[in-house]
Amino acid sequence: MTVSDQFARYPSLRDKPVLITGGASGIGAAIVEEFALQGAKVAFLDVASGPAQELIRSLDGRVEHEPLFVQCDVTDIGALRSATDAAQARLGAVRVLVNNAANDDRHDFELVTPEYWDGRMNVNLRHHFFTIQALSPGMSSAGGGSVINMSSIAWMIPSTGIPAYVTAKAAIVGLTRAMAHELGPSNIRVNCVLPGAVLTERQRRLWWTPEYEAEIMNRQALKRSLFADDVARMVLFLAADDSWAITNQSFIVDGGWV
Ligand SMILES: NC(=O)c1ccc[n+]([C@@H]2O[C@H](COP(=O)([O-])OP(=O)(O)OC[C@H]3O[C@@H](n4cnc5c(N)ncnc54)[C@H](O)[C@@H]3O)[C@@H](O)[C@H]2O)c1
């Protein structure tokens, strides 16, 4: 599903500079698309150039502002800082930041080395902090903003075979709460979203077996697959002025997983 007449439109997002990490595919691509269809000025960072160009092409003629793609590996903090600078030079001060880039490669805990552990933290956690650090001064000078960090229900439910990812996703909740209080006086809100099992292209390709699908339907209260747009619409709400009193919070989008 994409933005249609049956879903909300947010006047406060029109022409708003928005930056999304990991926006070339999966949930990030849906977030890019949904913001662009709301009339926002979107910049997105990703390592994957091909899917990014494809996404931009798919929006051609459908959006007022063509999204700006800046190729960047978010684990390289120097490159990340240059990319956020480049985005702000084109869009103006970013008012909405969506920290979404991640990598959920599975790993056997007995084989994890210190280097692998650090790598998981770098791709799943560290860049959240450094994008906030880079963009919050501009947000503050412009009158405030909204930061949305992507966590996961993975740390709330029994998850095996992926402990470093799960640890990073739990830490994102702590980071969210810490930064909500650091930045609240600057009128910057910080919240996080915890998706459940969302059927993206990567999930379908790598992990979506008939057994996993059966488990999802068993666990979820809602007996249907969840899609990237289901998560993106929560992100839109948290970015828009409609949620201006909401900060320091976590929002679960999982179809009622138990
Ligand atoms: N899909 C799910 O079921 C699910 C569930 C819970 C949480 N989440 C969270 O939602 C977010 C999006 O997940 P997704 O399923 O769309 O992931 P995905 O793997 O499909 O997409 C992630 C995007 O981030 C990019 N990326 C990865 N490493 C990068 C790097 N070093 N630098 C720049 N870009 C990089 C990828 O190229 C890709 O475009 C993640 O934070 C993930 O943890 C997803």
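Values for this structure:
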{"read-out": "Nonlocal amide H pairs with Ser146, under 5 Å, H built at 1.01 Å", "value": "Val96, Leu97, Arg189"}
{"read-out": "Mean accessible surface per residue for the chain, computed with a 1.4 Å probe while every protein chain stays in place, in Å²", "value": "45"}
{"read-out": "Computed over the chain, Cα set: Rg, Dmax in Å", "value": "17.4, 51"}
{"read-out": "Ser250 long-range amide H proximity, modeled H, under 5 Å", "value": "Cys192"}
{"read-out": "For Ala93, net neighbour charge (Lys/Arg +1, Asp/Glu -1) across residues whose Cβ lies under 12 Å away", "value": "+3"}
{"read-out": "Structure-based [θ]222 nm, the chain - -39500 (n - 2.57) summed over DSSP H runs of at least 4, per residue, nearest 500", "value": "-13500 deg cm²/dmol"}
{"read-out": "Relative contact order, percent, the chain [alpha-carbon distance under 8 Å, six or more residues apart]", "value": "20"}
{"read-out": "Projected area, mean over directions - the range 17-75, Cα convex hull, nm²", "value": "3.4"}
{"read-out": "Overall form of the range 147-219 per C-alpha gyration tensor (a/c, 1.5; a/b vs b/c)", "value": "prolate"}
{"read-out": "Accessible-area composition of the chain, carbon plus sulfur, in percent [1.4 Å probe]", "value": "53"}
{"read-out": "Max mean-square fluctuation residue, GNM over the chain, Cα-Cα springs under 10 Å, options Thr21, Thr113, Thr160", "value": "Thr113"}
{"read-out": "Dipole of the chain, positive end: most advanced residue of Ala83, Ala134, Cys72 [Cβ charges, Cα centre]", "value": "Ala134"}
{"read-out": "Contact order relative to length of the range 72-151, as percent, for alpha carbon pairs under 8 angstrom and 6 or more apart", "value": "49"}
{"read-out": "Glu110 accessible area, assembled protein chains, probe 1.4 Å, Å²", "value": "140"}
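The values are calculated or read from the model by the stated rules, or taken from the named source; none is laboratory data. None of the values given here were measured: they were computed from a predicted structure. Neighbour counts run over all protein chains shown; Cβ positions are idealised from the backbone, glycine included. Only protein heavy atoms, including side chains, enter the accessible area calculation; ligands, DNA and RNA are left aside. Shrake-Rupley method; radii C 1.70, N 1.55, O 1.52, S 1.80 Å.
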